[in-house]
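Since every read-out is calculated from the coordinates, none of them should be taken as a lab result. Keep in mind that what you see is a predicted model, and the values were worked out from it rather than measured. Ideal geometry is used to build each Cβ from the backbone, glycine not excepted, and the neighbour counts take in all protein chains shown.
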Amino acid sequence: MFLQKLGLAAGLLALGALSVPAKADIRIAVAGPMEGQFGAFGEQMLAGAAQAVADINAAGGVNGEQLILEAVDDGCVADKAVAVANQLIGKGVVFVAGHFCFGASIAASEVYADAGIVQISPATTLPKFTDDRPGDGVFRLAPRDDSQAKVAGQLLARDFGIERIALLHDKTAYGKGLVDAVKAEMNALGTSESLSLGFDAGEDDYRGLVSQLGLQNVGVVYLGGYHPEAGLIALEMQRQGLDAVLISGDALMTDEFWLVAGPAGNGTLLTYPEIPRQRPEAQKVVAALDEAGLPADRYALTSYAAIQAWAQAAESAGNTTLKDVAAALGTGDLATVIGPVRFDANGDANAPAYVWYEWRDGVPQRRP
């Protein structure tokens, strides 16, 4: 399966993304979940990273040297992320666009810090990733969960404060962390939940869980978790006639959610940054990916932007050492496909603010 995922970039080979001249001698990597239930996100990351390498190489490379792209599958698992991080050290990689899941990003960041490898995650949103970063070379091009939670908590208190609100999470670091932060924001604004439950991810039957929601006459369900479970819960809510609004986070911004939920997903609300592919800076890259039949969604473009930012910093520094590149990343705005990026002293980027989207007939539409 993983080799099949790598094959998704085949349309970029003619551009030189994964097949570069023999003199190429700067190795970088993209690391994420390239198969399994989160494979769609890894597919995006790989497509964007490969396109970035193709475009940078076509423009002369970095400091006159071409790039070689390594792609590794971490399975969204901490232990596997450590293993592939060590593999990348052995290959002489100097920069990694990754990882995707919080556990993998945190575990790998310690390996990269010790090895002098710069890491920019295009997806990890948990505050701990940069708040407790093990070195100056750890950055992210994703908004923090506490920003997402603030927006969600405000909506629940302002628009749904009179409803009975259920808070659900999938017991993962992402899901529980997001719900805990939403709860804190909502409670601080004077709105309390009627029910709070954890559920097991990976199940295929949520009848009991939804029955509990119905018995509590819940009107709003805020769910911290990923699209497979959210889609199944939406289906079960429809089957049981539970007329409640489903609200969740950025993990539901994927067509895979609609493939699971179908029309039962209509009306589902989610927080998500402004869609990157709509930015004028992204149009050329989006067109190239679309033409190649590759995804041009959020993580494709944030992965592209991560490599762009690193490449500009390496050019400014005149080398690829962690100390100099990290310093260059923090000195000012960097031009990327998601707009001008500036990293703060914590390694966080000035990512676009979260806004609301609503699933309607298979399309997530911006909510006024």
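Listed values, structure above:
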quantity	calculated
Where only alpha carbons of the chain are counted, the Rg and the Dmax (Å)	20.5, 67
D (Stokes-Einstein, µm²/s), Kirkwood Cα radius, segment 108-203, 0.692 mPa s at 37 °C	220 µm²/s
More than 25 angstrom apart: percent of Cα pairs within segment 50-171	38 percent
Net charge, Thr320 excluded, C-beta distance under 11 Å - Lys, Arg +1, Asp, Glu -1	-2
Fraction of the pair-distance distribution of segment 277-366 above 21 Å, Cα-Cα pairs, percent	41 percent
Kirkwood estimate for segment 31-119, i.e. one over the average of 1/r between Cα atoms, Å	13.2 Å
Most mobile listed residue (Glu35, Glu274, Glu291) in the chain, GNM with C-alpha springs under 10 Å	Glu291
Length released on extending from Glu315 to Gln216, taking residue separation times 0.36 nm less the Cα-Cα span	29.8 nm
222 nm mean residue ellipticity, helices alone, for the chain (DSSP H n ≥ 4; -39,500 (n - 2.57); rounded to 500)	-13000 deg cm²/dmol
Residue-count net charge about Pro143 - beta-carbon cut-off 13 Å; Lys, Arg +1, Asp, Glu -1	-2
Global form of segment 143-282, assessed from the alpha-carbon gyration tensor, a/c cut-off 1.5	oblate
Share antiparallel - DSSP beta bridges, the chain, percent rounded to 5	25 percent
Which listed pairs, of Lys150/Lys176; Lys91/Lys128; Lys128/Lys171, have C-alpha distances above 21 Å, in listed order	Lys91/Lys128
Hits among aspartates and glutamates - C-alpha to C-alpha of Lys80 under 17 Å, sequence gap 8 or more where chains match	Glu35, Glu70, Glu110
For segment 207-319: span of alpha carbons on each principal axis (Å, largest first)	63, 30, 20
Between segment 332-368 and segment 299-330, the alpha-carbon center distance in angstrom	19 Å
